[in-house]
Amino acid sequence: MIIVLTKKKFLLFLIAFIILMIALILSYMLLGEPVVSTFFMEENDEASLIVKDYYNIRNKAIIEGDIDTIASLYDRSTKYGVWAYEHEKKKLNYLHNWSDKQGINFYDVKSLIKITNKKERGSGYRINYTASTEYWYHYLNQKDQKNMFRIGTYHSVDIKKVDGIWKITRE
């Protein structure tokens, strides 16, 4: 797929991106707390807001190592919801085991989300999207040196309201 951008659109996107990065860096420097952000390349409809909220909660839970928060995002009353949760739990455990072995500490997680397709499905949605997640860290003995790696993933999720809360039923 070829994306054609006019020079004006490209400059507007570049300026918005630079302003966002400056704001994130300044807020981290001023607050001294992790800055969890999810940047969307999509309109603000209900399905997009649900995915954005999911990633904000997930990214904060990754920094804190909070598996219970991640568990609350999945409908574990269905077989596919349990599988999706177990896969996410496995990824979180692997990431933290790796960070312990490497002697690093995660201080920020940022995600760039691009929704490629969304459809209403019964009382919920099926959403296809790509996520590029940046993991910012520093070594425990070199706190002033910032490092980052990025993981790109493709997702197809089903979400529906369970007891008034949007939950992932399949991924």
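The values are calculated or read from the model by the stated rules, or taken from the named source; none is laboratory data. Given the structure is predicted, the values throughout are model-derived calculations rather than measurements. Cβ placement follows ideal geometry from the backbone for every residue including glycine, while neighbour counts extend to all protein chains displayed. For the accessible areas, the whole protein counts, side chains as well, though only heavy atoms, and no ligand, DNA or RNA atoms are used. Shrake-Rupley method; radii C 1.70, N 1.55, O 1.52, S 1.80 Å.
Relative contact order, percent, of the chain when contacts are C-alpha pairs under 8 Å separated by at least 6 residues?
Once divided by the residue count of the chain, the mean separation gives 20 percent.
Can you work out the PRE-style zone for Ser123? Point 7 Å along Cα to Cβ, and I want the residues of the range 62-101 with backbone N under 15 Å.
Only 75-78 pass the distance filter.
How much accessible area per residue does the chain have, in Å², with a 1.4 Å probe?
Here the residues of the chain average 64 Å² of exposed surface.
Pull out the extension gain between Met21 and Asp53, defined as 0.36 nm times the separation in residues minus the alpha carbon to alpha carbon distance; nm, one decimal.
9.6 nm
Which entries of Lys60/Lys118; Lys7/Lys119; Lys9/Lys60 have Cα-Cα distances beyond 28 Å here?
Those over the limit are Lys7/Lys119; Lys9/Lys60.
Decide, for the range 78-138, between rounded, prolate and oblate: order the square roots of the alpha carbon gyration tensor eigenvalues as a ≥ b ≥ c, take rounded if a/c falls under 1.5, and otherwise choose prolate if a/b is larger than b/c, else oblate.
Oblate, because a/c is 1.5 or more while a/b does not exceed b/c.
Using the scaling law 2.2 N^0.38 Å as the reference, what is the normalised Cα Rg of the chain?
1.12
Take the solvent-accessible surface of the protein heavy atoms, probe 1.4 Å, and return the percent of it on the chain that carbon and sulfur atoms account for.
Looking at the chain in its full context, I get 57 percent from C and S.
Within the chain, which whole H helices from DSSP have a Cα span along their axis of at least 20 Å and a mean Kyte-Doolittle hydropathy of 0.0 or more, if any?
Passing helices, by number: 7-31.
Which percentage, to the nearest 5, of the DSSP beta bridges contained in the chain is antiparallel?
90
If you build a Gaussian network model of the chain, linking Cα atoms that sit under 10 Å apart, which residue out of Gly81, Gly122, Gly65 swings the most?
Looking only at Gly81, Gly122, Gly65, the biggest GNM fluctuation is shown by Gly122.
Which of the aspartates and glutamates could a cross-linker span from Lys110 if the Cα-Cα distance has to be under 16 Å and same-chain partners fewer than 8 positions apart are dropped?
Here the aspartates and glutamates satisfying the reach criterion relative to Lys110 are Glu33, Asp53, Glu64, Glu134.
Modelling each spin label as a point 7 Å along the Cα-to-Cβ direction, I'd like the Asn147/Leu12 distance in nm, to one decimal.
Output for this residue pair reads 4.0 nm.
Evaluate the distance, in nm, between pseudo-label points positioned 7 Å from the Cα of Ala71 and of Lys91 along their respective Cα→Cβ axes.
1.9
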